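Visitor: Below are the structure tokens for one structure; questions will follow.
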Amino acid sequence: MTYITRRTMLVGLSSLIFPWLCRAESAPLKIGLIGAGQVGSTLAKFWVDAGYHVMLSARSLDEAQQQAAQLGSLASAGTPEQASAFGDVVVLAVPYRAIPALGKQLSGVVKGKILLDPSNFYPSRDGAIAATAAHDGAGITTQHYFPGARVVRGFNSIDMSVLRTEAHRHPPLLAVPIAGDDPSAVGIVANLVRAAGFDPVITGDLASSIAFQPGGPGFEVKTDATRLKAVLARK
Ligand SMILES: NC(=O)c1ccc[n+]([C@@H]2O[C@H](COP(=O)([O-])OP(=O)(O)OC[C@H]3O[C@@H](n4cnc5c(N)ncnc54)[C@H](OP(=O)(O)O)[C@@H]3O)[C@@H](O)[C@H]2O)c1
């Protein structure tokens with residue numbers, strides 16, 4: 001066996017056990033989170049537990065600092081601009097009404113980066129943008145506000161209280177649907193889903209994420225990958 005073959009096997013094996021090693025020999029993937037509430041803090045904990053570096057942010061630096069302090073040395077806190085600059089993957093864990101302003105504020109920083117969007121829209125909370133997201137799809141709407149970002153939808157379809165309980169459960173794992181137009185970005189997010197303790201189900205391009213947004217057949221479906229695919233196929 002040549003050196004290259006052994007090394008390739010080792011990297012492949014390691015990436016199964018420690019997904020962040022998929023970036024192989026360079027620095028491990030870093031994750032910046034915009035929002036340090038239920039979603040931001042839950043996802044940050046999953047990934048810190050899996051060995052990733054995260055930076056939490058919110059308009060209130062205090063909230064981000066408190067959450068980061070609970071997560072230990074792999075977590076830090078900053079402003080949304082700092083978290084966006086820090087992350088190879090940036091997560092939009094905010095009420096949907098914040099998306100247009102965050103687009104103006106951060107789209108220059110996240111251009112070319114993976115932008116994971118777990119946010120949902122509710123007319124009573126989010127106002128007029130909720131109607132646009134319901135009609136065009138939240139994925140397409142978010143992409144509009146973040147041109148050039150590699151938007152992936154995911155982690156929006158299941159309540160965080162369920163994810164916290166079900167992460168790394170006895171197989172079959174809980175399925176988490178994801179979708180995006182950039183296959184390599186979707187692949188990296190799929191690894192983040194696995195690292196968090198779930199089974200990724202890729203529904204297709206960004207437009208396909210409408211199937212698991214509020215009102216879609218895959219929204220709030222808490223099951224394994226086989227059953228989730230069956231639900232989505234019946235739509
Ligand atoms: N909770 C769930 O189980 C769940 C599950 C799936 C999807 N979602 C969706 O995920 C999103 C986040 O939900 P959540 O439950 O985490 O909400 P949350 O607990 O209310 O937290 C929202 C976070 O966003 C920050 N934020 C709000 N506007 C901001 C802005 N303009 N710039 C930067 N940060 C901002 C808030 O802090 P500041 O106000 O200090 O900025 C807070 O840290 C929502 O769209 C929700 O519908 C929630």
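Visitor: Between Thr226 and Tyr122, 0.36 nm times their residue separation minus their Cα-Cα distance comes to what?
Guide: Roughly 34.6 nm would be gained on extension.
Visitor: Same structure, new question: Using Cβ counts within 10 Å as a stand-in for footprinting exposure, how do Tyr52, Tyr122, Tyr145 rank, fewest first?
Guide: With the sparsest Cβ surroundings first, the list reads Tyr122, Tyr145, Tyr52.
Visitor: For a quick check: sort Phe212, Phe46 by the number of other beta carbons within 10 angstrom, fewest at the front.
Guide: By the 10 Å Cβ count, ascending: Phe46, Phe212.
Visitor: What FRET efficiency do you get for Val162 and Leu61 if R0 is 35 Å and r is their Cβ-Cβ distance, rounded to the nearest 0.05? All intermediate terms of the calculation are to be shown ahead of the outcome.
Guide: On the way: r = 29 Å, r/R0 = 0.84.
Computed FRET efficiency for Val162 and Leu61 comes out at 0.75.
Visitor: Something else now. Could you size up the charge dipole of the chain around its Cα centre, putting +1 on the beta carbon of Lys and Arg and -1 on that of Asp and Glu, and report it in debye to the nearest 20?
Guide: In debye, rounded to 20, the chain gives about 300.
Visitor: On a full-extension model of 0.36 nm per residue, what is the gain between Glu81 and His135, subtracting their alpha-carbon distance, rounded to one decimal in nm? Working shown, then result.
Guide: Working: separation 54, 0.36 × 54 = 19.44 nm, distance 2.96 nm.
So the chain would gain 16.5 nm between Glu81 and His135.
Visitor: Can you give the extra length, in nm with one decimal, that the chain gains between Ser73 and Arg194 once fully stretched, where that is 0.36 nm per residue apart less the Cα-Cα distance?
Guide: 41.4 nm
Visitor: Oh, and also: Using a simple spin-label model with points 7 Å from Cα along the Cα→Cβ vector, what separation in nm is obtained for Asp49 and His170?
Guide: 1.8
Visitor: In the chain, if every C-alpha pair distance is counted and binned at 10 Å from zero, what percent goes to each bin?
Guide: Binned Cα distances yield the sequence 8, 33, 38, 17, 3, 1, 0.
Visitor: Quick check: Cα centre of region 107-178 to Cα centre of region 216-231, how many Å?
Guide: Answer, in whole Å: 16.
Visitor: With an 8 Å cut-off on Cα pairs and a minimum separation of 6 or more residues, tell me the relative contact order of region 23-233 in percent.
Guide: Relative contact order comes out at 16 percent.
Visitor: With the Cα gyration tensor of region 44-85 in hand, give its eigenvalues times 5 under a square root as the equivalent ellipsoid semi-axes, listed largest first in whole angstrom.
Guide: Values: eigenvalues 55, 25, 9 Å².
Taking √(5λ) for each Cα gyration eigenvalue gives 17, 11, 7 Å.
Visitor: Quick check on packing: order 100-110, 193-203 by the mean number of other C-beta atoms within 10 Å, highest mean leading.
Guide: Result, highest mean first: 193-203, 100-110.
Visitor: Further question: Quick one: how many lysine pairs in the chain have C-alpha atoms under 18 angstrom apart, if they're 8 or more apart or on different chains?
Guide: For the chain, qualifying lysine pairs total 5.
Visitor: Provide the descending list of Cα extents for region 93-206 along its principal axes, expressed in whole angstroms.
Guide: Each principal axis gives a Cα extent; for region 93-206 these are 42, 33, 22 Å.
Read-outs: derived from the displayed coordinates by stated rules, not from any lab. None of these values were measured; they are calculated from a predicted model. Here Cβ is always computed from backbone atoms with ideal geometry, including for glycine, and neighbour counts include all displayed protein chains.
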